[in-house]
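The values are calculated or read from the model by the stated rules, or taken from the named source; none is laboratory data. Here the structure is a predicted model, which means the values were calculated and not measured. Because the Cβ atoms are built from the backbone with ideal geometry, glycine has one as well, and the counts that use them run over all protein chains shown.
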């Protein structure tokens with residue numbers, strides 16, 4: 001396991017150095033994105049109003065307040081990623097996104113897209129919204145406010161993390177590894193129980 005402190009935007013070379021189990025902290029810009037924004041981009045074919053090349057997308061619909069014409073973060077939690085799985089390939093191939101942050105992982109098809117285009121899935125601890133919110137220095141921009149709170153957000157972050165590389169660009173998949181290990185242990189337990197019977 002290696003530790004990486006990275007600043008966005010990320011390069012393909014940086015991303016391909018990351019391996020499952022590595023820990024990452026991020027400085028720079030992270031884009032908040034969720035179902036409604038992705039549907040607008042891909043199903044309604046509206047190009048994103050921000051340059052996402054080298055970007056990191058966080059699956060979130062934050063709780064914010066507006067003060068003096070700007071938004072301030074109240075709670076920026078992370079949502080489960082799988083329902084946005086179908087958009088992963090497009091984010092990487094068409095818009096140059098390099099990393100997705102979320103909970104619960106993505107499919108084997110997304111893993112292939114990470115391999116093909118040089119991307120990673122970074123897992124964040126569930127229930128850590130309070131800590132995550134303190135790592136956001138500012139909300140610098142918001143687009144498509146009609147989708148509130150599932151707008152496209154531009155967050156300025158410092159020390160966002162720790163994030164674990166859960167899916168890498170080399171076919172590594174922590175979720176598949178955990179399932180395989182659980183199956184192996186279950187088989188061992190069943191074998192021991194059968195011997196005792």
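Flag not set for residue 50, criterion: in contact (Cβ under 8 Å) with a residue 60 or more places away in the chain, within 19 Å of residue 24 (Cα to Cα) and surrounded by 14 or more Cβ atoms within 10 Å (Cβ to Cβ).
Taking first residues from the stretch 11-24 that are touching a residue at least 24 places away in the same chain (Cβ under 8 Å) and partners that are in a helix (DSSP H, G or I), the Cβ contacts under 6 Å between residues at least 6 apart in sequence or on separate chains come to 20/174.
Within the group 38, 18, which residue is out of contact with any helix residue (DSSP H, G or I) (no Cβ under 6 Å at 6 or more places or on another chain) and within 24 Å of residue 126 (Cα to Cα)? Walk me through how you get there before you give the answer.
Numbers: 38 fails: out of contact with any helix residue (DSSP H, G or I) (no Cβ under 6 Å at 6 or more places or on another chain).
Of the residues listed, the single one that is out of contact with any helix residue (DSSP H, G or I) (no Cβ under 6 Å at 6 or more places or on another chain) and within 24 Å of residue 126 (Cα to Cα) is 18.
Among the strands (runs of 3 or more DSSP E) confined wholly to the stretch 73-192, which include 3 or more residues that are touching a residue at least 24 places away in the same chain (Cβ under 8 Å) and farther than 16 Å from residue 33 by Cβ?
152-167
Considering 58, 18, the condition of being modelled with pLDDT of 95 or more, within 14 Å of the chain's Cα centre (by Cα) and surrounded by 15 or more Cβ atoms within 10 Å (Cβ to Cβ) is satisfied by 58 alone.
Residue under question is residue 33, and the condition is that it be free of Cβ contacts under 8 Å to residues at least 12 places away in the same chain, over 12 Å from residue 120 (Cα atoms) and surrounded by 15 or more Cβ atoms within 10 Å (Cβ to Cβ); does it hold? No, not satisfied. Taken as a whole, the stretch 55-72 holds at least one residue that is without any contact (Cβ under 8 Å) to a residue 12 or more places away in the chain, in a loop (DSSP other than H, G, I, E, B), out of contact with any helix residue (DSSP H, G or I) (no Cβ under 9 Å at 6 or more places or on another chain) and over 23 Å from residue 25 (Cβ atoms).
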